[in-house]
Amino acid sequence: MAKNTFDIPQEEMDRFHKAMNQERIEQDARLEKLIESEKENIPKNEEIIKMIPSKAVREYLEKTGHQFSERDRYLLWLCLEPGKKEMSEELWEKGRYVSVPHPFRKGDIVVCYGFCPVFANPREHAGKYEIGIMQSFADDEDWAYWDNDVKTRLKSITDFSDVATTVEFLYLDGTFSHRHPNPMELEFACDVEGALPEDIPKTDYLEVASDLMRGEGSIELLQMYCDKTMKPVNMPYSLRTKRDSPLSIPLMMKM
């Protein structure tokens with residue numbers, strides 16, 4: 001019998017997807033009723049965009065003229081509006097994907113901060129924000145392919161977490177480790193005052209790593225800056241990567 005990537009019999013996978021699809025049909029029916037009951041209160045497209053914390057994402061959506069569907073506006077409203085956490089958590093857990101186009105591309109240096117309790121990991125140090133390099137999406141076509149794949153081929157098993165990007169974050173000891181933040185909690189580092197000081201080695205390190213991510217530069221140059229930046233940290237790797245970024249800073253947007 002043919003098997004899939006995870007070595008699970010295809011018959012078993014077919015049963016799983018059938019059950020998931022049936023559950024999704026029931027969820028969609030409930031969602032339609034909720035949308036109908038709140039139709040007059042659902043924010044308009046421009047109002048939803050203004051609610052998104054990321055300045056870079058807001059500007060990108062406005063520039064491209066993106067229009068969220070009524071369903072997506074309702075789900076984003078639940079996620080972004082204070083006081084709706086309980087309902088939004090239930091909907092996200094049931095598997096709700098919303099397309100959120102964004103401008104972040106592979107090699108971009110970004111700052112990440114958590115803003116929404118539904119999908120943002122709590123930060124141990126309030127007022128501190130982490131810096132890293134985008135690993136996802138080489139270009140607009142790459143993002144569009146992934147977005148379409150999630151909405152079609154993977155529809156029955158996706159949820160809101162699938163909107164996430166992949167970012168390689170820089171840590172105190174000079175190592176990188178990836179996580180999957182939501183694009184609505186990212187900003188371009190160049191738009192955050194003090195994120196990339198010109199007079200410290202870590203800034204050069206990030207820029208060299210950014211070039212390498214884009215297919216430019218050299219591993220030798222990256223290693224040179226890595227040696228300058230590395231700090232010995234006597235703790236297991238799993239704990240070490242949970243520490244603050246070496247470029248953790250208060251968020252100060254350049255307006």
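Taking amide H positions as modeled 1.01 Å from N, with prolines and chain starts lacking one, the residues under 5 Å from F169 and 5 or more places away or on another chain are I133, S177, H178, R179. Across the stretch 212-222, computed HN-Hα scalar couplings (Karplus, 6.51 cos²θ - 1.76 cosθ + 1.60, θ = phi - 60°) run 5, 4, 8, x, 10, x, 9, 5, 4, 5, 4 Hz from first to last residue, x flagging Gly and Pro.
Exceedance of the 32 Å cut-off in Cα-Cα distance is limited, within the set K151/K202; K106/K228; K106/K151, to K151/K202. Here the 3J(HN,Hα) profile of the stretch 136-143, calculated from phi with Karplus coefficients 6.51, -1.76 and 1.60 at θ = phi - 60°, is 7, 6, 5, 7, 4, 5, 4, 5 Hz, Gly and Pro shown as x.
If you count Lys pairs in the stretch 14-85 whose Cα atoms are under 27 Å apart, skipping same-chain pairs closer than 8 places in sequence, the total is 19.
Values quoted throughout were computed directly from the atomic coordinates according to the rules given, and no laboratory measurement underlies them. A quick note: this is a predicted structure, and the numbers were derived from the prediction, not measured.
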